[in-house]
Amino acid sequence: MKILVINAGSSSLKYQLIDMEGEKLLAKGLCERIGIDGHLKHTPLVEGKTVFDEDVAMPTHSEAIAAVIDKLTSPQYGVVNSMKEIDAVGHRVVHGGEKFAASVRIDDEVMKALEECTPFAPLHNPANITGINACRAVMGDVPMVAVFDTAFHQTMPSKAYMYALPYQYYLSDGVRRYGFHGTSHRFVSSRCAELMGKPIEELKIISCHMGNGSSVAAIKNGQCVDTSMGFTPLVGLPMGTRCGDLDAGVIQFLMHKYGYSIDEMLNILNKKSGVLGISGVSSDFRDLGKAAAEGNERAQLALDMFHYWVAKTAGAYAAAMNGVDAVVFTAGVGENGPDSRAAICEYFGYLGVKIDKDANNCRGKEVLISTPDSAVKVFVIPTNEELVIARDTRDIVG
Ligand code: ADP
């Protein structure tokens, strides 16, 4: 079974074609500048085929999908003979609200429900929906599945997901913590259980997804019981450019003082804050590490704050689960940042965590970085959200 995985943004579209026999990646690519002019980078991973990296006119997502299909099936760049070989399509969808606690086969009713979730993710869901519509238009009857960033977190108990606001805002407007990165937390926690050789139903796992956007999740007996992102992906840890947790009073104070509109204010909180805002250097952790090593104190402060927030959130989750068996680091910084992992694990002495320095000196691969006598196992596990989407699609389409 060959499955096309699509992650559609407002002006971009990432894809992978995966052969589920052996879970082999056949091709991947990225359409950019959709609606502006259009560029496609298509990388076949089959011998004898060439990379395509050129401008292609993409007035809408439909032309982008058509260009992807054209390349996937072309004699020179392609990895399949015709579109008929693509058995199903899995779409990443950011927000499934309370309607979707699991992946679902897409039909007209699901499309309606996705539209209803749009107010929760006004930037992301419309792009995901456009991608699905374009795919349905170009690919006709090929079965399609939606996989949600929020779904994994739907097991949180109400004491974890409720905000202490007047209850009516939850009842009538769905204002609550939803959480994001669910596909990643689900993948690495289940892989962690496999690596530990234990059923996930018997484990307490803290999953730290540390990339441009970052979140921590508490996974008890295979179910998410708390996570740091909320109604939107703005809160929790300080991130590349997002502020993380913030006293709402600061928003009122700054808006009054500088006359910002709510859009201007949110732009500051989403795009100019986080480690970029603190350091004034960069949102990229590699740049921060370099600047800090050269003596830049604000870059060091940004790193210190980030590590502190991951550690204190994990500490809260150890309390929430009444213990922890394993900590997992994943995503860009989690997979490639030994210094960040070491700095965070420094805080875990009270849990009996001991890190093996040599093992921790790894990048981009699956490694147990705790020592044999560490009371808690600590793993680096590269995430693979596309594979989760492909597996769910296979399981649902059958
Ligand atoms: P996202 O998918 O959220 O855009 P990623 O998971 O790709 O983000 O993570 C991006 C982050 O990972 C960047 O801040 C980048 O600096 C960081 N990163 C990548 N490689 C390294 C590295 N070798 N050392 C430290 N950080 C790294």
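Each reported figure results from applying straightforward, stated rules to the coordinates on display, with no laboratory input. Please read these numbers as outputs of a predicted model, since none were measured by experiment. Here the Cβ positions follow ideal geometry from the backbone for every residue, glycine too, while neighbour counts run over all protein chains shown.
Please identify the pairs in which a residue from the stretch 339-360 that is on the phi > 0 side of the Ramachandran plot has its Cβ atom under 7 Å from the Cβ atom of a residue that is part of a loop (DSSP other than H, G, I, E, B) and among the hydrophobic types (A, V, I, L, M, F, W, C), counting only partners at least 6 apart or on another chain.
352/375; 352/376
If a residue must be more than 16 Å from the ligand (Cβ to nearest atom), surrounded by fewer than 23 Cβ atoms within 10 Å (Cβ to Cβ) and touching a residue at least 24 places away in the same chain (Cβ under 8 Å), how many such residues does the stretch 199-219 contain?
Total meeting the criteria: 2.
Do you know which of the residues in the stretch 1-27 that are free of Cβ contacts under 8 Å to residues at least 60 places away in the same chain and of a type in the set (Lys, Arg) is nearest to residue 87 (Cα to Cα)?
Here the residue is 24.
Please determine whether any residue of the stretch 242-255 is in contact (Cβ under 8 Å) with a residue 24 or more places away in the chain, under 27 Å from residue 384 (Cβ atoms), surrounded by fewer than 19 Cβ atoms within 10 Å (Cβ to Cβ) and not hydroxyl-bearing (Ser, Thr, Tyr).
Looking for residues that are in contact (Cβ under 8 Å) with a residue 24 or more places away in the chain, under 27 Å from residue 384 (Cβ atoms), surrounded by fewer than 19 Cβ atoms within 10 Å (Cβ to Cβ) and not hydroxyl-bearing (Ser, Thr, Tyr), one finds none in the stretch 242-255, hence no.
Inside the stretch 1-55, can you point out the residues that are of a type in the set (Val, Ile, Thr), closer than 30 Å to residue 118 by Cβ and surrounded by fewer than 20 Cβ atoms within 10 Å (Cβ to Cβ)?
Matches in the stretch 1-55: 36 only.
Within the stretch 328-360, how many residues turn out to be outside any helix (DSSP H, G or I) and not basic (Lys, Arg)?
Final tally of qualifying residues: 8.
How many residues are away from the ligand (no atom under 16 Å from the Cβ), crowded, with 23+ Cβ neighbours inside 10 Å and closer than 18 Å to residue 244 by Cβ if we restrict to the stretch 315-361?
1
If you go through the stretch 112-125, how many residues are farther than 13 Å from residue 174 by Cβ, crowded, with 16+ Cβ neighbours inside 10 Å and of a type in the set (A, V, I, L, M)?
Count: 1.
Which residues, taken from the stretch 28-66, are aliphatic (A, V, I, L, M) and more than 18 Å from residue 87 (Cα to Cα)?
30, 34, 36, 40, 45, 46, 51, 56, 57, 58, 64
Give me the residue from the stretch 362-374 that is within 16 Å of the ligand (Cβ to nearest atom) and crowded, with 19+ Cβ neighbours inside 10 Å and, out of that set, farthest from the chain's Cα centre (by Cα).
369
Please determine, by comparing only the residues of the stretch 220-237 that are within 16 Å of the chain's Cα centre (by Cα) and of a type in the set (S, T, N, Q), which one is surrounded by the most Cβ atoms within 10 Å (Cβ to Cβ).
Ranking the candidates gives 227 first.
Considering only the stretch 106-181, give the helices (runs of 4 or more DSSP H) lying wholly within it that have at least 2 residues that are touching a residue at least 60 places away in the same chain (Cβ under 8 Å).
Values: elements: 108-117, 125-139, 158-161, 168-173.
Because the criterion is at least 2 residues that are touching a residue at least 60 places away in the same chain (Cβ under 8 Å), the helices (runs of 4 or more DSSP H) in the stretch 106-181 that meet it are 125-139.
Filter the stretch 269-309 for residues that are outside any helix (DSSP H, G or I) and more than 12 Å from residue 212 (Cβ to Cβ) and give the result.
272, 273, 280, 281, 294, 295, 296
Those residues that are crowded, with 22+ Cβ neighbours inside 10 Å and not acidic (Asp, Glu), I need them from the stretch 380-398; list them, please.
380, 381, 383, 388, 389, 390, 393
Would you please name the residue that is farthest from the ligand (Cβ to nearest atom), looking only at residues in the stretch 375-386 that are of a type in the set (D, E, K, R) and over 20 Å from residue 203 (Cα atoms)?
Within the stretch 375-386, the match that is farthest from the ligand (Cβ to nearest atom) is 386.
With the requirement that a residue be more than 27 Å from the chain's Cα centre (by Cα) and over 30 Å from residue 111 (Cα atoms), what does the stretch 53-78 give you?
54, 55, 74, 75, 76, 77, 78
For the stretch 275-298, what are the residues that are surrounded by 18 or more Cβ atoms within 10 Å (Cβ to Cβ), within 12 Å of the ligand (Cβ to nearest atom) and not small (Gly, Ala, Ser)?
275, 276, 285, 288
Are any residues in the stretch 234-259 within 15 Å of the ligand (Cβ to nearest atom) and either in a helix (DSSP H, G or I) or closer than 20 Å to residue 340 by Cβ (or both), and if so, which ones?
Across the stretch 234-259, the qualifying residues are 236, 237, 238, 239, 240, 241, 242, 244.
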